[in-house]
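Encoded as structure tokens, the structure appears first; notes follow it.
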Amino acid sequence: MKSPLTIFLFLLFFTFQSVHSQNHFGIVFPKTDAERNQQCQNCFQVFKQKPKEVKFSISRERNNLYFEVNDKSWFNKLFKNNGDGIAIDVVAKDRYDCELETIDNSQIRGKLLKPIYAQGLKKGLRKTGENSYRVHVGRITDTYLNKELEYNILFLNNKTLCRYYVIYDLESYPWDLLDMGMYLDTLTYSTKQIKPDRKEGFVLKHKALKFIIPFEKNISEYSPEDIKPMYDSLRLTDFNIKKITIRAYSSIEGSLQRNIELQEQRANSIAKALQTFQKPTIITEIFSSENWVEFLKDISETKYENLKNLSKADLKSKLVGSFSKEMEPFLKNHRKAVITLELEKKDKYKSKSADDLLMLFNTAIKQEKLSEAIILQNSIFERMNAQEISPDFLRKMTIPNQSKFVKIFNKNSAYKFMRDVRQSMIVYEELQELLKLDPTNGEVKYNIIAVKFKLWRYKFIEVDENKFNNEINALSNYSIDQKLIARMMVNFHIVKAENLMRKRDYKNKDRSVVYINNNYKNFPLSDYDYLSLSQFFSFYANIKMSIKLLENKVSMIDTDEDLLFYYLNLTLIDKELTQKSNYRTIMLNAINMNKERFCKLYNSVENGGVTFQLLEDEYLRGVYCENCDK
């Protein structure tokens, strides 16, 4: 959910431009740096000393506009003297109509509202929540009511314009601790996706494989005979294919519509051919697009690099006839499918009833056939995942309280935690008791710490940070991989940063953020981890760290869509970055993945966009008008 006080702010560099002839209400627009520096000393000083955690924004209720801020003390410092105030510039999107050849470069972009000065601002300030305040700063006139609008802020010192702000909004995602997993048979992770839903869980008998199939030009059909060598190489005797995700790419020459149709035909024929090798129905997802990403990358630093400066339409019109043949050594590598297979291990007890499973499990335990008991335990878990039996079924499993059965006990507890985090305290106590049976069991110790993180973060238990730090690092004495320990230490500082933020101890909070930034590279991250960690950095106003984290991921053709668009949210306002040729590649990748979503970035903040004032940038306006204004 987007909150007004989590809206990030972008300062436009002050330039001495002309202004409209409309009423400026006595505001002074300085003509030189010297004049501005003389009149704006207090404003500049207050902004210079502003903690990055202090945020402000403009919100709208019907015709009324409000300035919102999360720090009253900073507010009072900013509006100290009678001539200190705010004025709102109401900007309409039709200013950037693609039919217009040029955009008026006036400092005031829309309708300037009457300023509110210090006395009125302080008198009108109202508390709206914990660390949340707002004050009325203007009304929208009737002529603007039916337009798509945004609200820029003029900060005034001695009635002089000192700073002009455009507010932009980042798409918000929930962020969490990096997934530490839990030890069951092996370390098992959640199936969380970037956009979580109620169907999340985890899979005990699962693995995923990714591979690439090249396409021949103008060939769309694949037969089972074509696919069988690949299928056989997977040795799927113990697994079924549960889901196929196919991202099919065409080379960029030719009609977009024909390219997409051809890729969908190819992808469907691959899925159909794979389906012939097993009876369970395979869930299939297919995404098709033109391969602009690799084309623009491959022609970089070649004699064809100048093609990168052409529009998509001009480039396509050039790739015909003999020139298309000349470019074929590049184009042939761009026709392919990136295929991800999610595999699920076959369940030999699938036909057994719940009562039969329980009887077989208890018999295996009694006969100390632990390997068989573990297989049966997994089958029971699968029935619970499918909601065919209740979690209370675990209580019917008869397991002697002996060290030889620690793995079985550990799996039951870990399963309960992964299935329902509300069981955290119960599981934590169970695992503590289990450790008494086997004090040197590293998997149990790891699970205890993973659960303890949740309890600490949500204030269910008090944690001595020094002791907990030592506990985490001591896992290396019990054969726990150092990369897993490194991941836990990053989580340690994520929770620590949250706690320090609540105390407004910004200095030590920043130390934890720096630790996280310096150490996340020491272990692999899932896509969910990437976005969660990037959102964490952004939440704590470390945008550059967030951008750096994602920049390599978003240049890949099969990057996650949400990662790519979050990166665009973070970077579209950086003029220096958007002018670079590789940034165009990233934008074209986003347009191919989801054109509607890309175009929505240029909506107003109120309509779910970053800001339509991105269109002040002629380059971005060109991309928008080429791809979205149709």
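Identify the residue in region 343-365 that is under 17 Å from PHE409 (Cα atoms) and polar (S, T, N, Q) and, among all such residues, is farthest from the chain's Cα centre (by Cα). The residue in question is THR363.
The residue that is surrounded by the most Cβ atoms within 10 Å (Cβ to Cβ), among those in region 241-272 that are under 28 Å from PHE323 (Cα atoms) and of a type in the set (D, E, K, R), is ARG266.
Report yes if SER300 is out of contact with any Pro (no Cβ under 9 Å at 6 or more places or on another chain), closer than 21 Å to SER555 by Cβ and of a type in the set (S, T, N, Q), otherwise no.
Numbers: out of contact with any Pro (no Cβ under 9 Å at 6 or more places or on another chain): yes; closer than 21 Å to SER555 by Cβ: yes; of a type in the set (S, T, N, Q): yes.
Against the criterion (out of contact with any Pro (no Cβ under 9 Å at 6 or more places or on another chain), closer than 21 Å to SER555 by Cβ and of a type in the set (S, T, N, Q)), SER300 qualifies.
In a residue-by-residue description of region 578-599, the property of being part of a helix (DSSP H, G or I) and under 30 Å from ARG502 (Cβ atoms) applies to no position. Return yes when GLU372 is modelled with pLDDT of 90 or more, outside the structural domain of ILE219 (by TED's automatic domain parsing), assigned to a helix (DSSP H, G or I) and more than 30 Å from ALA271 (Cβ to Cβ) and no when it is not. In short, yes. Look at (1) at pLDDT below 70; (2) in contact with a His (Cβ under 8 Å, 6 or more places away or on another chain) and you find that ARG198 fails only one, number (2).
Per the listing LYS411, LYS407, LYS332, the residue uniquely out of contact with any Ser or Thr (no Cβ under 6 Å at 6 or more places or on another chain), closer than 30 Å to LYS279 by Cβ, touching a residue at least 12 places away in the same chain (Cβ under 8 Å) and in a helix (DSSP H, G or I) is LYS411. Just to be sure before I move on: is PHE598 aromatic (Phe, Trp, Tyr), closer than 28 Å to ALA313 by Cα, touching a Lys or Arg at 6+ places or on another chain (Cβ under 7 Å) and not assigned by TED's automatic domain parsing to the domain that holds LYS312 in the structure I sent? The answer is no for PHE598. In region 543-575, the qualifying residues are those that are among the polar types (S, T, N, Q) and touching a residue at least 40 places away in the same chain (Cβ under 8 Å), and the one that is surrounded by the most Cβ atoms within 10 Å (Cβ to Cβ) is ASN569.
Applying the selection to region 299-327, what residues are farther than 25 Å from ILE586 by Cβ and either free of Cβ contacts under 8 Å to residues at least 60 places away in the same chain or part of a strand (DSSP E or B) (or both)?
Here is the first cut: in region 299-327, the residues farther than 25 Å from ILE586 by Cβ are 320-326.
The answer is GLY321, SER322, PHE323, LYS325, GLU326.
Regarding region 443-464, can at least one residue be identified that is more than 30 Å from ASN401 (Cα to Cα), of a type in the set (S, T, N, Q) and surrounded by 15 or more Cβ atoms within 10 Å (Cβ to Cβ)? So far as region 443-464 goes, no, none of its residues is more than 30 Å from ASN401 (Cα to Cα), of a type in the set (S, T, N, Q) and surrounded by 15 or more Cβ atoms within 10 Å (Cβ to Cβ). Restricting the search to helices (runs of 4 or more DSSP H) fully inside region 449-568 and requiring at least 1 residues that are within 15 Å of the chain's Cα centre (by Cα) and not assigned by TED's automatic domain parsing to the domain that holds ALA248 gives 527-539, 543-550. Of the residues in region 275-296, at least one is aromatic (Phe, Trp, Tyr) and either in a helix (DSSP H, G or I) or without any contact (Cβ under 8 Å) to a residue 24 or more places away in the chain (or both). Looking across region 31-46, the residues that are assigned to a helix (DSSP H, G or I) and either outside the structural domain of ASP84 (by TED's automatic domain parsing) or surrounded by 17 or more Cβ atoms within 10 Å (Cβ to Cβ) (or both) come down to ARG36, GLN39, ASN42, CYS43, VAL46. When you look at ALA337, is it surrounded by fewer than 12 Cβ atoms within 10 Å (Cβ to Cβ) and under 33 Å from the mean Cα position of the chain (by Cα), yes or no? The answer is no for ALA337. If we scan region 22-39, do we find a residue that is β-branched (Val, Ile, Thr) and within 25 Å of THR611 (Cα to Cα)? Within region 22-39 (the criterion being β-branched (Val, Ile, Thr) and within 25 Å of THR611 (Cα to Cα)), the answer is no, since none of the residues qualifies. Taking region 572-630, which residues are out of contact with any strand residue (DSSP E or B) (no Cβ under 7 Å at 6 or more places or on another chain) and β-branched (Val, Ile, Thr)? Passing the criteria: THR578, THR585, ILE586, ILE591, VAL623. Whether any residue in region 317-337 is in contact with a helix residue (DSSP H, G or I) (Cβ under 7 Å, 6 or more places away or on another chain) and at pLDDT below 90 is what I want to check. The answer is yes, given that some residue of region 317-337 is in contact with a helix residue (DSSP H, G or I) (Cβ under 7 Å, 6 or more places away or on another chain) and at pLDDT below 90.
A count restricted to region 496-509 and to residues that are surrounded by 19 or more Cβ atoms within 10 Å (Cβ to Cβ) and at pLDDT below 95 stands at 3. Each residue in region 562-606 was checked for being in contact with a Leu (Cβ under 8 Å, 6 or more places away or on another chain), β-branched (Val, Ile, Thr) and over 22 Å from LYS308 (Cβ atoms), and 1 pass.
For LYS147, the requirement of being under 20 Å from LEU614 (Cβ atoms), outside any strand (DSSP E or B) and in contact (Cβ under 8 Å) with a residue 40 or more places away in the chain is met.
The values are calculated or read from the model by the stated rules, or taken from the named source; none is laboratory data. Quantities reported herein were computed from a predicted structural model and do not represent experimental measurements. Because the Cβ atoms are built from the backbone with ideal geometry, glycine has one as well, and the counts that use them run over all protein chains shown.
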